[in-house]
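All remarks here apply to the structure that follows.
No lab work stands behind these numbers, since they all come straight from the coordinates. Being a predicted model, the structure only gives us computed values, none of them experimental. Cβ sites come from the backbone with ideal geometry, for glycine too, and all protein chains shown count toward neighbours.
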Amino acid sequence: MEEFITTHRMNPDIDPVLTIWRWQVSVYLFLGGLTAGLLILGALSVLQRRKAAPTAAQRLLVWTPVVLGVGLFSLFLDLEHKIHVYRFYTTFRVTSPMSWGSWILLLVMPVSVLLIAGTMRETWPGLYAWAERKGLRGLATFSEKRLMGLARLSVALGVALGIYTGILLSAYGARPFWNTAILGPIFLVSGLSSGAALVQWMSRDEREHRLYTRIDVGLIAFELFLIGLMLIGMASGPERQQAAAHLVFGGELTTYFWVFVVMIGLLLPVLLEVFHLKGRPQPRFIAPAFVLLGGLIFRFFIVEAGQLTTWIGY
């Protein structure tokens, strides 16, 4: 059966597949999710007053503005007209995910800095001493007095940032693989998993390490569940979404998805973490490294899969 399509569109970057977003966007989505995970876990540790997690979650807060800054620089490299970046902040559009994301990012940076200032007396005494010498003691005192409020705000902003990285893609209705409401929660859970993995890597307290190992096992299991729901929804949806699902069920990204995303990025690290919890010794960094690598690979996969799918049957 032959099918003829007549169109006046002549954009080689969009038809028949999208080729605009490359590695910069994938790296930004991963680092944005990691920032969200670190911010949420660190803020929850503050709210719990370290009862469950002694140090690592709060100590890693100092990296949130750094990680986010690298992610934003990666996004900046992707912009075609870089000098126009300020235009995001000359307006706010309720119906635009990019507008929401721009303002969320603008809030996350100063709030994370204030949260760091409020915790650094105990977690980074050397940094606190440097701040005193530079006349920044007032900032630390201000933050310490409002620490619980800052922590609650950080949790809310972290959740918003984590979900936004998925909604940024799911709002593109013209791309069937992205056009699913479950993508935001998947990216949030994946970011939390990456944050928990980094806490595992950096923690020197065995109790805290085992706690975040158990947390990460649960997060990875939930992430697998959500990914399964997403694929089931596509496979049982309209014709073009079924075609999008075919990418991982016999299509050109099948091997990439099942080997690198599912097996190496999700199943292998969760298996290593379960072995660790059962008392089988292994290097501390191996499982967290696979979790972080898997989170990055997953972003590359999602960005590529969305750009390969379309509602037009070329």
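Rounded to whole numbers, the Karplus 3J(HN,Hα) couplings from phi for region 57-68 are 4, 6, 5, 6, 4, 4, 8, 4, x, 5, 4, 5 Hz, using 6.51 cos²θ - 1.76 cosθ + 1.60 with θ = phi - 60°, and x at Gly and Pro. Counting other Cβ atoms within 10 Å as a rough exposure proxy, the listed residues Glu252, Glu208 run Glu252, Glu208 from fewest neighbours to most. Annotation: aspartates and glutamates with alpha-carbon distance below 15 angstrom to Lys145 (same-chain offsets under eight excluded): Glu122. Our coupling estimate for region 95-104, obtained by passing each phi through the Karplus curve with A = 6.51, B = -1.76, C = 1.60 and θ = phi - 60°, is 8, 10, x, 5, 5, 4, x, 4, 6, 4 Hz, Gly and Pro reported as x. Relative to the Cα centre, the charge distribution of region 23-308, modelled as +1 at Lys and Arg Cβ and -1 at Asp and Glu Cβ, gives a dipole magnitude of about 1020 debye. Note that region 203-219 has calculated 3J(HN,Hα) couplings of 6, 10, 9, 4, 5, 5, 4, 5, 4, 6, 5, 5, 4, 5, 4, x, 5 Hz, one per residue in order, obtained from phi through the Karplus relation 6.51 cos²θ - 1.76 cosθ + 1.60 (θ = phi - 60°); glycine and proline are x. Can you give the local net charge around Ser102? Use residues other than it whose beta-carbon is closer than 15 angstrom to its beta-carbon, Lys and Arg +1, Asp and Glu -1. In short, +2. Other residues whose C-beta falls under 15 angstrom from the C-beta of Leu292 contribute a net charge of -1, scoring Lys and Arg +1 and Asp and Glu -1. Here the sum of -39500 (n - 2.57) over DSSP H runs of 4 or more residues, divided by the residues of the chain, equals -21500 deg cm²/dmol at 222 nm, to the nearest 500. Rounded, prolate or oblate, given the Cα gyration tensor of the chain, with a/c below 1.5 counting as rounded? Because a/c hits 1.5 or more and a/b fails to exceed b/c, the chain counts as oblate.
Taking other Cβ atoms within 10 Å as a rough exposure proxy, Thr309, Thr91 sort from fewest to most as Thr91, Thr309.
Fewest neighbouring Cβ atoms within 10 Å first, the residues Leu266, Leu147 line up as Leu147, Leu266.
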